[in-house]
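This report refers to the structure that appears directly beneath it.
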Ligand SMILES: Cc1ncc(COP(=O)(O)O)c(C=O)c1O
C-alpha cells in the first residue's frame with residue numbers, strides 16, 4: 001500500500017469517527033462537558049507557530065521556575081494567578097498547578113492535605129467525605145492508603161452535619177473533603193454547618209479540600225460567588241476541572257492552595273530538575289496551560305457571567321418544564337444539574353443520561369447537566385421526545 005493510499009484510508013477512518021462524534025455531542029446532556037470549544041483560534045495559531053512540531057513538558061514548579069526544559073511554566077503560573085483571586089486566595093499566598101483532570105486535582109488535595117497534617121501533628125489524619133461526593137475521593141483514599149470515613153448525605157446530596165459529628169475522631173487530625181456540586185444531584189456541602197461541627201474540637205487540626213470539579217468553574221461568575229470565597233469560608237485547597245465549564249477540549253484541571261501548604265510537604269529535592277518538587281507527577285502537560293491561558297485571555301468576565309447565568313436560568317426552566325410534563329424534578333441551590341424520575345430507556349440512550357437511584361425520591365433517576373451547549377432549543381427537542 002503506498003503512503004498516499006494509506007493516509008487516505010487513515011483519514012477516512014478518522015472522518016467517519018469525527019462525523020458520528022459531531023452528531024453525538026449535540027445530545028450530550030448527562031455529563032458535565034462543555035461542547036462549545038473556545039479553542040478554534042488557538043489551533044489556528046498553534047499550527048503556524050512551530051510549537052505543533054515541538055515537544056514541551058511542564059516538569060517543574062510554575063512558582064519556582066529553574067529548569068531549562070522547553071515548557072510553558074510561565075503561562076501556567078499566570079493561569080493560577082488569574083484564578084486564585086476568584087476563590088479568595090491572596091496573590092502573595094497562592095500556589096497551584098494546571099492538572100490533568102479534576103481527579104488529579106483531588107489527588108493533590110488529599111496528598112497535600114495529609115502530608116501537611118502529618119507534618120504539623122506527627123499523626124496520620126482521618127479523612128471525611130460524603131457518600132454523594134464523586135467517587136474519585138474514595139478511589140484516591142484507597143490509593144493513598146488514607147483512613148477514610150464515608151459520611152451519609154441528606155436527600156439533597158449534602159453531607160449531613162449530624163453524621164459528621166458521629167464520625168469524628170477527635171484525637172487525630174481531620175482531612176475533610178467538601179463536595180461543592182456533587183456529581184449526580186449537584187448538592188453542595190454546607191461548609192458553615194460542617195465547620196460548626198469541626199469547631200467543637202478546637203484541639204483537632206483540620207485541612208479542608210474542596211472538590212468543585214464542575215461548580216468551581218461557573219460559581220465565581222454568578223451571584224452565588226461567595227460560596228467558594230475562602231475569605232468567607234476558609235479552606236486550604238480546591239480542585240476544578242478544566243474541560244467542564246471552561247471548554248477545554250481534553251481533560252485538564254486546576255489545583256490551587258496556599259504557599260504555606262506547599263511549603264509544608266514532604267521535601268523531595270530532585271537534583272536533575274534543580275528543585276524541590278512537591279507535585280505528584282513529574283512530566284505534566286505544557287499544552288493544557290497554554291489552552292487555558294488562551295481561554296481566559298479571549299473570554300471576558302462578562303462572557304463568563306453570561307454563560308453561567310444562562311446555564312442556571314435554563315436549568316430552572318427545564319425543571320419547571322419537566323414538572324409540567326408530569327415528571328418529578330429537583331434542582332439544588334446554585335446548581336445547573338436537574339435530576340428527575342428516569343424517563344424511558346430510548347430517551348436515556350439518545351441523550352446519554354446518567355443513571356442513579358434514590359428510594360427516598362421514588363427510585364430510578366436521571367439527570368441533565370445544563371452546560372453551554374445545552375440550549376433551550378435542544379432541551380425543547382428533549383421535552384418533545386419525552387412527551388412522544
Ligand atoms: C464532583 C466531581 N468531582 C470530580 C470529578 C472528576 O473529575 P475529572 O473527570 O475531571 O477527573 C467529577 C467528574 O464528573 C465530578 O463531578
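Just so it is clear, none of the values below were taken in a lab; they were calculated from the coordinates. These numbers come from a predicted model, not from an experiment. A quick note on method: Cβ atoms are made from the backbone with ideal geometry, for glycine too, and the neighbour counts reach across all protein chains shown.
Tabulated results
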quantity: Region 33-147 pair-distance distribution - Cα-Cα, 10 Å bins, rounded %; calculated: 11, 28, 35, 19, 6, 0
quantity: Anisotropy class of region 94-135 from Cα gyration tensor, a/c 1.5 cut; calculated: oblate
quantity: Estimated FRET transfer efficiency when R0 is 56 angstrom, pair residue 92-residue 377 (beta carbons, to 0.05); calculated: 0.75
quantity: Ascending count of other beta-carbon atoms within 10 Å, so fewest first, for 261, 347, 176; calculated: 347, 261, 176
quantity: Residue of 298, 337, 183 that the Gaussian network model of the chain assigns the largest fluctuation, springs spanning Cα pairs under 10 Å; calculated: 298
quantity: Cα-based convex hull, region 98-209, per residue volume (Å³, whole number); calculated: 94
quantity: Modelled FRET efficiency - R0 25 Å, residue 272 with residue 143, Cβ distances, 0.05 increments; calculated: 0.45
quantity: Value at 222 nm in deg cm²/dmol, rounded to 500, when DSSP H runs of n ≥ 4 in the chain each add -39,500 (n - 2.57); calculated: -12000 deg cm²/dmol
quantity: Full-stretch length increase - residue 317, residue 385 - with 0.36 nm per residue and alpha-carbon distance subtracted; calculated: 22.8 nm
quantity: Estimated inter-spin distance, residue 31 and residue 172, nm [label 7 Å along Cα→Cβ]; calculated: 3.5
quantity: Selected from 323, 16, 305 as most flexible by GNM, with the chain as the system and alpha-carbon contacts under 10 Å; calculated: 16
quantity: Projected area, mean over directions - region 249-343, Cα convex hull, nm²; calculated: 10.3
quantity: R0 of 22 Å, Cβ-Cβ distance residue 165-residue 358: FRET efficiency to nearest 0.05; calculated: 0.40
quantity: Extended-chain gain in nm, criterion 0.36 nm per residue less alpha-carbon gap, residue 131 and residue 333; calculated: 70.8 nm
quantity: Long-range tail of P(r) for region 50-98 (Cα pairs > 12 Å, %); calculated: 62
quantity: Convex hull volume per residue for the chain, taking Cα atoms only, in Å³; calculated: 165
quantity: Added length on full extension, which subtracts the Cα-Cα distance from 0.36 nm per residue, residue 44 to residue 70; calculated: 7.3 nm
quantity: Residues 171, 276, 359, sorted so that the one with the fewest Cβ neighbours within 10 Å comes first; calculated: 359, 171, 276
quantity: Among 341, 103, 121, residue whose mean-square fluctuation peaks in a GNM of the chain (springs only between Cα atoms under 10 Å); calculated: 121
quantity: Rounded if a/c under 1.5, otherwise prolate or oblate - region 309-352, Cα gyration tensor axes; calculated: prolate
quantity: Antiparallel bridges, percent of DSSP beta bridges restricted to the chain (to nearest 5); calculated: 60
quantity: Size of region 20-81 as Cα extents on the principal axes (Å, biggest first); calculated: 46, 27, 17
quantity: Alpha-carbon Rg with Dmax, taken over region 156-224, Å; calculated: 13.1, 39
